[in-house]
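In what follows, a structure is listed as structure tokens, so that the remarks can point back to it.
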Amino acid sequence: MKLKKIGYILLVILVGVSLLATGCSSKPAQQPAAPSGEKVIKIGLITPLTGDVKTFGESSKNGFMLALEQAGMKAGDYKIEFVIADDRNDATEAVNVADKLIKQDKVQCIVGSVTSKATIPISEVTNAAKVVQISNTATNPKVTVDNGKRKEFVFRACFIDPFQGKVGAKFALETLKAKTAAVMFDQGNDYTKGLAEQFKINFEAGGGKVVAYEAYAQNDTDFSAVLTNIAKQNVEVLYLPDYYQKVSLIGKQARDKGIKATFLGGDGWDSNEIDWVAMEGGYFTNHYNSGDTRPEVQKWVNEYKAKYNAVPDALATLAYDATNLLINAIKTANSNEPDKIRAAMQNTKDFAAVSGKTSFDADGNSVKAAAILQIKDKKQIFVTTVAP
Ligand code: PHE
């Protein structure tokens, strides 16, 4: 009886060990072996498909997929395989999925992510692993540079916030003729904090006065104390550099308090799920304008509409541009080695992206114009373009 029992336990251990061994040696499920001779490049997309900015993720995925399809799933001689991962707009999850894409799925390149909050931590992982990364829309400077040091493998298809904040401030001063502004920002988010700082610096340098500069935390939902204070100051502009959910919440509460200021913000407003009524009349800086008459823009808008039955927002457009920039670099490098793709990417000159001709500066940033849009009658209306 006793012997039988020991034998049984040994058997269980043996089976367990052999199962573990095969488990370890088997390839990850999403990594089918290429038929012999076929050259493959593996690309990951990281984007927030769930969480507080999920429309950003859905649009980005659409732009990414359309670029791959139009390329026939090929970059030069290389067949493109892809993996999509959801970062939920959470910094910890972003690092986890970047790790998984690199170690398990063995991608050589990553497109994404969307927000600076997720993309800054991802860039630390990709740069250390020497995997090429191009973010579509993360605008904070720290995405490509850490304490003055360039992260060589990291690029972005968009402009950066020192430019975006300056465009907002100049618009407030010169077009809105504002002399006073209040600024509210999320102190735990580099994007909103950075944009707030840049707006303040430039608004004051141009002779304006920021009479209230108020930080809040990501989970705050009641802004009445701060808004009561701002209401007393009678400011002309309320600058709200955050994502659409939060600005909608603040905007509504501000109007409820009787604040008449013109709302102004950044690219984070770009969503169909913004509170159109509360934000009516507000202006924001963005990367592109779907009404732009340049033929490449209209071609893109039509192709996107045909496939997704919607007008592409900046997120979809920049993901499309970022993916095409990457495919172009892979073709030019004619290689799937990240270091060669990185060099080709850095040397990109005047690539005809939908959001504008793209070259990279020494920090891996795209230098391009900003559009100013207005929220009007539940639509985004194009106001003007501001060149860098
Ligand atoms: N620029 C924002 C960030 O860095 C993300 C964003 C881009 C949001 C474009 C909307 C549109 O976090």
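The values are calculated or read from the model by the stated rules, or taken from the named source; none is laboratory data. All of these numbers come straight from a predicted model, not from anything done at the bench. Using ideal geometry, Cβ is built from the backbone for each residue, glycine included, and neighbour counts are taken over all protein chains shown. These area figures cover heavy atoms from the full protein model, side chains too; ligands, DNA and RNA do not enter into them. Shrake-Rupley method; radii C 1.70, N 1.55, O 1.52, S 1.80 Å.
Model label points for Thr385 and Asn234, set 7 angstrom from Cα along the Cα-to-Cβ axis, are 4.0 nm apart. Accessible surface ranking for Ile80, Ile160, 1.4 angstrom probe, highest first: Ile160, Ile80. According to the square roots a ≥ b ≥ c of the eigenvalues of the Cα gyration tensor, what is the shape class of the range 162-286, taking rounded for a/c under 1.5, prolate for a/b larger than b/c otherwise, and oblate for the remainder? Verdict is rounded for the range 162-286.
Compactness check for the chain: Cα Rg over 2.2 N^0.38 Å is 1.12.
Neighbours of Ala353 by Cβ distance under 10 Å: Lys/Arg scored +1, Asp/Glu scored -1, total -1.
Farthest toward the positive end of the dipole of the chain, out of Thr262, Pro295, Val226, is the Cα of Pro295, where the dipole comes from beta carbon charges about the Cα centre. Ignoring ligands, DNA and RNA, what percent of the 1.4 Å accessible area of the chain is carbon and sulfur? Ligands and nucleic acids excluded, carbon and sulfur reach 54 percent. For Arg150, no residue 5 or more places off, or on another chain, has a built amide H under 5 Å of its own. Residues whose amide H lies under 5 Å from that of Asp242, counting only those 5 or more places away or on a different chain, are Gly266; hydrogens are built 1.01 Å from N in the peptide plane. Pairs spanning more than 27 Å between alpha-carbon atoms, out of Lys117/Lys149; Lys177/Lys349; Lys177/Lys357; Lys106/Lys142; Lys246/Lys307; Lys54/Lys376: Lys177/Lys349; Lys177/Lys357; Lys246/Lys307.
In the full protein context, the chain carries 44 Å² of accessible surface per residue, based on a 1.4 Å probe and ignoring ligands, DNA and RNA. The relative contact order of the chain, computed from alpha carbon pairs under 8 Å that lie at least 6 residues apart in sequence, is 17 percent.
Calculated [222 nm] ellipticity per residue, helices only, for the chain: -13500 deg cm²/dmol; basis is -39500 (n - 2.57) per DSSP H run with n ≥ 4, divided by all residues, nearest 500. For the chain, find the longest principal axis of its Cα atoms and tell me its angle to the long axis of helix 161-170, 0 to 90°, nearest 10. Approximately 20 degrees, to the nearest 10. Annotation: the antiparallel percentage among DSSP beta bridges lying fully within the chain is about 35.
Computed 3J(HN,Hα) for the range 224-238, one whole-Hz value per residue from the Karplus formula 6.51 cos²θ - 1.76 cosθ + 1.60 where θ = phi - 60°, is 4, 4, 5, 5, 4, 5, 5, 4, 5, 7, 6, 6, 7, 10, 10, glycine and proline marked x.
For Ala353, the residues 5 or more places off, or on other chains, whose built amide H falls under 5 Å of its own are Thr358. In terms of packing, defined here as the mean over residues of other Cβ atoms within 10 angstrom, the peptides 129-136, 381-388 line up highest first as 129-136, 381-388.
The residues Lys368, Lys179, Lys307, sorted by heavy-atom accessible surface at 1.4 Å with ligands and nucleic acids left out, run Lys179, Lys307, Lys368 from largest to smallest.
Relative to the longest principal axis of the Cα atoms of the chain, helix 295-308 runs at roughly 60 degrees. For Thr293, the solvent-accessible surface with a 1.4 Å probe is about 120 Å², rounded to the nearest 10.
Listed values for the range 141-156 are Karplus-derived 3J(HN,Hα) couplings in whole Hz (6.51 cos²θ - 1.76 cosθ + 1.60, θ = phi - 60°), namely x, 5, 4, 10, 9, 10, 6, x, 10, 5, 8, 4, 8, 10, 9, 9, and x replaces Gly and Pro. With θ taken as phi - 60° and the Karplus curve 6.51 cos²θ - 1.76 cosθ + 1.60 applied, the whole-hertz 3J(HN,Hα) list for the range 94-104 is 4, 5, 4, 6, 5, 4, 5, 4, 6, 7, 8 Hz, x standing for glycine and proline.
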